[in-house]
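These notes are about the structure you will find just below.
The values are calculated or read from the model by the stated rules, or taken from the named source; none is laboratory data. Please read these numbers as outputs of a predicted model, since none were measured by experiment. No Cβ is skipped: glycine too gets one built from the backbone with ideal geometry, and neighbour counts run over all protein chains shown.
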Amino acid sequence: MNVEVIVSALRRVREVKPLVVNVTNYVVMNNTANALLAVGASPIMAHSKQEMAEMMYFAGALVINIGTLDSVWTPRMLHAVEQANANNKTVVLDPVGCGASAIRTETSRQIATLAESLIIRGNASEIIALAGDQGQSKGVDAMDSSEAALGAAEYLVRTYSCAVVVSGKTDYIVTAKGYSQLKNGHAMMPYVTGMGCTLSALTGAFAAVGEKTGLAATAVLGVAGEIAAEQSAGPGSLQVNILDTLYNLDVEMLTQRLIMID
Amino acid sequence: MNVEVIVSALRRVREVKPLVVNVTNYVVMNNTANALLAVGASPIMAHSKQEMAEMMYFAGALVINIGTLDSVWTPRMLHAVEQANANNKTVVLDPVGCGASAIRTETSRQIATLAESLIIRGNASEIIALAGDQGQSKGVDAMDSSEAALGAAEYLVRTYSCAVVVSGKTDYIVTAKGYSQLKNGHAMMPYVTGMGCTLSALTGAFAAVGEKTGLAATAVLGVAGEIAAEQSAGPGSLQVNILDTLYNLDVEMLTQRLIMID
Amino acid sequence: MNVEVIVSALRRVREVKPLVVNVTNYVVMNNTANALLAVGASPIMAHSKQEMAEMMYFAGALVINIGTLDSVWTPRMLHAVEQANANNKTVVLDPVGCGASAIRTETSRQIATLAESLIIRGNASEIIALAGDQGQSKGVDAMDSSEAALGAAEYLVRTYSCAVVVSGKTDYIVTAKGYSQLKNGHAMMPYVTGMGCTLSALTGAFAAVGEKTGLAATAVLGVAGEIAAEQSAGPGSLQVNILDTLYNLDVEMLTQRLIMID
């Protein structure tokens with residue numbers, strides 16, 4: 001993997017303007033739709049079984065985010081994944097809060113098992129919880145670091161034949177071929193709700209144009225967030241400025257800022 | 001129709017502060033409530049059958065937006081329209097994504113048929129899809145232009161005895177008496193999610209004070225969006241600045257900027 | 001009550017970073033989550049019965065906001081309150097629109113009756129409606145002033161053994177021991193949707209660290225809103241700047257600005 005993969009993926013998103021269907025949580029719907037528009041994609045926020053087959057026929061990718069899951073929405077998520085499968089579209093799974101309740105862990109695993117083409121994007125504790133006992137190996141004291149979830153991510157890659165993005169101070173892009181590290185971003189970003197959800201949505205946009213590892217989305221949001229945070233007095237401004245920066249991000253800014261270890 | 005209609009409608013909204021009930025999509029609830037507050041109206045975001053009769057008794061208008069429709073929400077929308085009818089209140093229908101799925105087209109038509117006093121606000125492709133075969137006449141090559149939907153809009157005006165707003169680079173306000181064109185707005189506005197939904201919400205505020213064509217809302221948002229966009233580095237800022245501009249918009253700014261062809 | 005109570009509560013929120021579970025309305029989920037993050041707390045926006053027992057075991061407090069209630073969500077709210085009770089966690093009730101429909105009044109009373117440790121936060125008309133006939137005593141001509149709800153608030157304090165915050169130009173913090181008045185805030189704040197909901201969410205954060213009167217949250221948001229409004233061109237900017245100000249608020253700013261009458 002290298003910078004050219006990222007740059008050409010960003011160019012393709014802006015040319016193709018891929019439709020990305022999002023079955024996501026109530027908290028972030030506005031922000032993730034806006035982030036998809038800002039990067040050049042076309043968001044569809046839809047969840048009804050009454051139309052998902054039609055939506056997935058036209059769409060380039062499906063993003064499933066379990067942030068506000070319940071017994072009404074979970075069957076809709078599973079139905080949407082089935083429709084993505086039927087249309088050979090990639091599913092991005094954001095297992096929000098996986099490990100915080102049994103139902104989140106179970107539902108995440110159900111979705112991961114069902115999806116035929118899959119990228120999982122979560123933070124360290126979510127990835128570790130999703131992997132369960134087999135994935136845990138680095139000990140509790142490193143729980144907050146994304147490195148601690150590397151073993152779990154590798155387990156998920158093998159188990160679900162997927163790519164995994166572990167977000168954190170360092171982001172890990174884990175595939176069957178190994179992993180890359182991205183070190184962009186800013187300490188203020190976790191003070192904006194749904195920053196990870198935004199990354200998952202953008203991962204869908206890039207998957208829709210063929211970049212199915214999560215690398216390009218992670219690079220683009222990491223760099224944009226870093227630039228935006230430097231201009232922001234606090235997390236309110238940052239939420240706004242990230243959209244402006246995604247909209248204006250050019251290849252030069254991206255390549256100059258990018259810190260990647262392959 | 002002339003400028004005075006628009007100006008006096010804006011004055012009335014700010015004096016009357018009309019209650020506008022919104023049964024709308026999850027994505028835009030915050031923004032459209034804020035836009036209604038900024039223009040001087042009082043938003044109520046409510047959808048429950050348990051209270052809609054009471055809400056519509058007090059409210060000045062009803063806005064129905066099908067953006068995130070499903071089998072649970074559609075009956076609530078129909079019930080809300082019935083309550084609007086029972087209280088002689090105008091319904092603004094935003095047929096979001098009409099044509100993108102069969103259920104959206106069907107539901108939009110059901111609502112349009114049911115509403116006794118109706119304004120429909122959509123973009124060209126939604127208006128064309130809502131009209132169906134009878135409304136299409138201008139050919140596929142003009143599909144992205146609002147002019148292409150003029151025939152469809154006129155068909156809807158006749159069929160549902162309603163007013164129709166077709167939003168686009170040029171906005172068309174179509175009534176039984178003919179149509180007006182408004183040419184304000186800015187190319188950055190489609191990069192903010194739910195800009196059309198905001199227009200539909202504002203259309204409800206103006207309908208509540210007796211301006212039942214969509215003209216005043218379209219003029220106000222077009223001018224406010226244009227001013228706001230000129231001060232915005234990107235769509236994140238624009239979403240914020242539109243609210244500030246709506247709040248501060250005075251009659252002089254409005255009349256100086258307005259580009260209307262009757 | 002004095003300034004030191006407020007200052008030390010803010011310090012504790014930032015140290016402890018309490019988890020606050022929010023069963024709230026669709027309109028404000030993003031903003032209230034961001035306000036909780038900005039003040040230093042950890043928001044969980046969750047509503048499913050499938051996980052509420054687990055969530056309330058870990059959480060520091062529960063915020064119930066009935067803003068977009070319906071027959072599906074109300075049982076979830078009641079279930080969440082039961083789980084808060086089972087775990088000895090304080091419930092903050094925001095009776096949004098209480099009095100605007102019978103179901104809002106009934107549901108608010110049901111929740112207030114059920115919660116074992118309770119803070120109620122509303123505006124004057126909501127507090128008066130919640131108290132019903134027994135609480136009304138000051139006459140209709142003062143309906144818009146928070147002072148008019150003081151009798152109703154005192155009635156609620158006695159009836160539900162709770163604390164009550166009446167928000168308005170003057171905020172009243174009412175407990176069994178008497179009341180305090182806070183006179184911060186800004187006339188532009190009601191032009192941002194969900195400002196009261198944000199106060200209720202912050203009240204949950206402070207309750208989670210032991211400040212169970214609503215005083216500290218009201219002081220912090222009043223001062224932050226006042227500072228933010230002075231720097232804002234309109235309500236769009238204000239919504240953003242309040243988050244920045246909450247994030248940056250220091251003890252000196254807070255104590256210098258605070259206008260409190262014990």
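Taken together, the residues in the stretch C:188-223 that are part of a loop (DSSP other than H, G, I, E, B) and of a type in the set (Val, Ile, Thr) amount to 4.
You will find that of A:Thr213, A:Thr203, A:Thr218, A:Thr245, the residue that is polar (S, T, N, Q), out of contact with any strand residue (DSSP E or B) (no Cβ under 8 Å at 6 or more places or on another chain) and at pLDDT 95 or above is A:Thr245 and no other. Scanning the stretch A:224-237 for residues that are small (Gly, Ala, Ser), more than 7 Å from every other protein chain (Cβ to nearest Cβ) and not in a helix (DSSP H, G or I) gives a single hit, A:Ser232. Take C:Leu254 and tell me if it is in a helix (DSSP H, G or I) and more than 24 Å from C:Tyr179 (Cβ to Cβ). Spelling it out, it is not the case that C:Leu254 is in a helix (DSSP H, G or I) and more than 24 Å from C:Tyr179 (Cβ to Cβ). Here C:Lys212 passes the criteria (1) free of Cβ contacts under 8 Å to residues at least 60 places away in the same chain; (2) surrounded by fewer than 24 Cβ atoms within 10 Å (Cβ to Cβ) except the one numbered (1).
How about the stretch A:51-91: which of its residues are among the β-branched types (Val, Ile, Thr) and either more than 14 Å from chain B (Cβ to nearest Cβ) or surrounded by 18 or more Cβ atoms within 10 Å (Cβ to Cβ) (or both)? Those that are among the β-branched types (Val, Ile, Thr) and either more than 14 Å from chain B (Cβ to nearest Cβ) or surrounded by 18 or more Cβ atoms within 10 Å (Cβ to Cβ) (or both): A:Val63, A:Ile64, A:Ile66, A:Thr68, A:Thr74, A:Val81, A:Thr90, A:Val91. Considering only residues in the stretch B:30-50 that are in contact with a strand residue (DSSP E or B) (Cβ under 8 Å, 6 or more places away or on another chain) and more than 8 Å from every other protein chain (Cβ to nearest Cβ), the one that is surrounded by the fewest Cβ atoms within 10 Å (Cβ to Cβ) turns out to be B:Ser42. The set of residues from the stretch B:186-209 being under 16 Å from B:Arg12 (Cβ atoms) and either surrounded by fewer than 24 Cβ atoms within 10 Å (Cβ to Cβ) or within 14 Å of chain A (Cβ to nearest Cβ) (or both) comprises just one member, B:Val209.
Among the candidates C:Val3, C:Val39, C:Val7, C:Val23, the residue that is under 30 Å from C:Ala102 (Cβ atoms) and either at pLDDT below 95 or out of contact with any Ser or Thr (no Cβ under 6 Å at 6 or more places or on another chain) (or both) is uniquely C:Val23. B:Glu252 meets all of the listed conditions (1) surrounded by fewer than 24 Cβ atoms within 10 Å (Cβ to Cβ); (2) in contact with a helix residue (DSSP H, G or I) (Cβ under 8 Å, 6 or more places away or on another chain) but one, namely (2).
Are any of the residues in the stretch B:219-240 under 18 Å from the mean Cα position of the chain (by Cα) and more than 25 Å from A:Asn248 (Cα to Cα)? Yes, the conditions are met somewhere in the stretch B:219-240.
Among residues that are β-branched (Val, Ile, Thr), crowded, with 24+ Cβ neighbours inside 10 Å, away from chain B (no Cβ under 14 Å) and in a helix (DSSP H, G or I), C:Val240 is not included.
Results for (1) under 16 Å from A:Ala208 (Cα atoms); (2) within 17 Å of the chain's Cα centre (by Cα), shown as yes or no for each residue.
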| residue | (1), (2) |
| --- | --- |
| A:Glu15 | yes, no |
| A:Tyr26 | no, yes |
| A:His47 | no, no |
| A:Gly60 | yes, yes |
| A:Pro75 | no, no |
| A:Gln83 | yes, no |
| A:Ser101 | no, no |
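Yes/no per residue for (1) at pLDDT below 95; (2) hydroxyl-bearing (Ser, Thr, Tyr); (3) out of contact with any helix residue (DSSP H, G or I) (no Cβ under 6 Å at 6 or more places or on another chain); (4) in a helix (DSSP H, G or I):
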site: A:Thr105; (1), (2), (3), (4): no, yes, no, yes
site: A:Glu116; (1), (2), (3), (4): no, no, no, no
site: A:Ala148; (1), (2), (3), (4): yes, no, no, yes
site: A:Val157; (1), (2), (3), (4): no, no, yes, yes
site: A:Gln181; (1), (2), (3), (4): no, no, yes, no
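Taken over the stretch A:42-76, residues that are part of a loop (DSSP other than H, G, I, E, B) and in contact (Cβ under 8 Å) with a residue 60 or more places away in the chain amount to 3.
All conditions in (1) among the hydrophobic types (A, V, I, L, M, F, W, C); (2) within 13 Å of another protein chain (Cβ to nearest Cβ); (3) touching a Cys at 6+ places or on another chain (Cβ under 8 Å) hold for B:Ile120, with the sole exception of (2). Here B:Ala129 fulfils each of the conditions (1) over 17 Å from B:Asn25 (Cβ atoms); (2) outside any helix (DSSP H, G or I); (3) within 14 Å of chain A (Cβ to nearest Cβ); (4) hydrophobic (A, V, I, L, M, F, W, C) apart from (2). Here A:Ala53 clears all of (1) over 23 Å from C:Ser42 (Cα atoms); (2) in contact with a Lys or Arg (Cβ under 6 Å, 6 or more places away or on another chain); (3) of a type outside the set (Lys, Arg) except the condition numbered (2).
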